[in-house]
Amino acid sequence: MSSILVRKNKQLWVEQVCLQELAVSFETPFYTYSNDAIKNNFNAYKTALAGQKHLICYAVKANSNIAILQTLVQLGSGFDIVSQGELERVLMAGGDPKKIVFSGVGKSDQEMRRALEIGILCFNIESEAELILLNKISAEMEILAPISVRVNPDIDAKTHPYIATGLKESKFGIDAAEARQIYLRAAKMDNVRIVGIDCHIGSQLTETKPFENALSCLLELIQDLNRNGIMLEHIDVGGGLGVRYRDETPPSVEAYTQKLMELAGARREMLIFEPGRSIVANAGFLVTSVQFVKRNGSKRFAICDAAMNDMLRPSLYGSFLDIQPVCLRQNEPAHFYDIVGPICETGDFLGYERELSIVQGDLLCVCDAGAYGFSMSSNYNSRPRAPELMISGQDVHVVRERETIDDLVRGEHLILKTEK
Ligand code: LLP
């Protein structure tokens, strides 16, 4: 069980809030976060990197709730964004534009303009075509665009294929030899300024070796660039540090950052990290009620009020998330249940074959749901999205309300009858 959750007298607690009691005030399903856990996770990076010139750019996609961004702004975080939507969220949360890096293979004209206008730290360039467009737009706007090139080091991150981004078959980044050429071209452009180099090889990595190999690839290229008179201000090593969902043994933040700092040695460039999952995953929980218990032959199902639209990771990646009964029962026999939602797809599940003693109406807590949980949620099956609650000590803040039916159809129109 996650160390953020504590069981006291059969009940689950997050900080000083008892989840069973929380579910009296708030209908399920809901997401809830521990503010302390987010702060501790961020501070682990900060402490590990003390003494090293660095910037921690939280990857907004992991969880983009503006209250979470606000918490991180207060701790001095920068942000890794991939859309204008994320950019505006960071600004709403009070984020400093000078601490924003903009990643992504398909930045639009409009997105580039907005990012130039507010003066972000860096565009992480993922293709020559993107560089050419940015150079054109920055010329029109008469603003020098700060850039780094995202290198694809062709390294196997040993993670789920959907979230491995550093192999040459993936759409991300530019291979090292071509990246070199692009740097040389960028150096001759009038409206871009080379400030860094970047890579991100994947997510939920549980070993340090692939990170080290990726950084070594960057360092080799940097030396080559330096020989050609191209000096950099930062080296962005991306995000991707894994967390423990079941029995994974990812390196600690300290061990991971230490290895990379050792490799970078006494280089003068600032090191940028783009962690997402390792900041928020274990800080979030999805609380759901067992609507019905059902048997089909020998199989037992716990049909919950949360579904794949609320938490897509099990359905999309086959991910394992620990599921705990909110209140322990002692007198019910335990059985193996598939924990499923009400959505009309066989792939709608939160967990398979979980041994639980539960009855209809019980609450379940889906653990480690803070990263890529709410941020990947949808309205599939026309289900309003769940609210998000932030726990801070004994206080509970509603940081996102439950969607209503009006929210569901906002912007939709019936076709008006026209006279013939
Ligand atoms: N930087 C870039 C450029 C990224 O693409 C990502 C994640 C990160 C940083 C943050 O990586 P993290 O530290 O969170 O591993 N939906 C998937 C994960 C997709 C990750 C996409 N990129 C999941 O639920 O496992």
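Residue pairs whose Cβ atoms lie under 8 Å apart, separated by 6 or more positions or on different chains, with the first residue in the stretch 198-211 and touching a residue at least 12 places away in the same chain (Cβ under 8 Å) and within 7 Å of the ligand (Cβ to nearest atom) and the second charged (D, E, K, R) and assigned to a helix (DSSP H, G or I), are Ser203/Arg277; Gln204/Arg277. Scanning the stretch 366-419 for residues that are out of contact with any Ser or Thr (no Cβ under 7 Å at 6 or more places or on another chain), among the charged types (D, E, K, R) and either within 16 Å of the ligand (Cβ to nearest atom) or modelled with pLDDT of 95 or more (or both) yields Arg383, Glu388, Asp395, Arg400, Glu401, Arg402, Glu403, Asp406, Asp407, Arg410, Glu412.
Might you check whether a residue that is within 16 Å of the ligand (Cβ to nearest atom) and open to solvent by 30 Å² or more (accessible area, probe 1.4 Å) occurs anywhere in the stretch 281-293? The answer is yes; a qualifying residue exists. Listed by position, the strands (runs of 3 or more DSSP E) contained in the stretch 29-103 that have at least 2 residues being among the hydroxyl-bearing types (Ser, Thr, Tyr) and away from the ligand (no atom under 16 Å from the Cβ) are 30-34.
Contact annotation: residue pairs with Cβ atoms under 8 Å, 6 or more positions apart or on different chains, pairing a residue in the stretch 57-68 that is crowded, with 24+ Cβ neighbours inside 10 Å with a partner that is among the polar types (S, T, N, Q), are Cys57/Ser77; Tyr58/Ser77; Ala62/Ser375; Asn63/Ser375. Can you pull out every residue in the stretch 5-45 that is among the β-branched types (Val, Ile, Thr) and either touching a Cys at 6+ places or on another chain (Cβ under 6 Å) or surrounded by fewer than 23 Cβ atoms within 10 Å (Cβ to Cβ) (or both)? Correct list: Val6, Val17, Val24, Thr28. For the stretch 313-320, the condition holds for no residue, the condition being that it is over 20 Å from Val243 (Cα atoms), assigned by TED's automatic domain parsing to the domain that holds Phe374 and within 24 Å of the chain's Cα centre (by Cα). Scanning the stretch 158-172 for residues that are touching a Pro at 6+ places or on another chain (Cβ under 8 Å) and either within 11 Å of the ligand (Cβ to nearest atom) or under 15 Å from Val237 (Cα atoms) (or both) yields a total of 1. Scanning the stretch 140-193 for residues that are without any contact (Cβ under 8 Å) to a residue 60 or more places away in the chain, more than 21 Å from Arg114 (Cα to Cα), open to solvent by less than 70 Å² (accessible area, probe 1.4 Å) and assigned to a strand (DSSP E or B) yields Asn152, Ala164, Ile174.
Inside the stretch 81-115, residues that are more than 20 Å from Val237 (Cα to Cα) and among the aliphatic types (A, V, I, L, M) make up a count of 7. State yes or no: is Glu388 open to solvent by 40 Å² or more (accessible area, probe 1.4 Å) and in the same structural domain as Thr28 (by TED's automatic domain parsing)? No, not satisfied.
The values are calculated or read from the model by the stated rules, or taken from the named source; none is laboratory data. Keep in mind that what you see is a predicted model, and the values were worked out from it rather than measured. Glycine gets a Cβ as well: all are built from the backbone with ideal geometry, and neighbour counts include every protein chain shown. Ligands, DNA and RNA are excluded from the accessible area calculation, which covers all protein heavy atoms including side chains. Shrake-Rupley method; radii C 1.70, N 1.55, O 1.52, S 1.80 Å.
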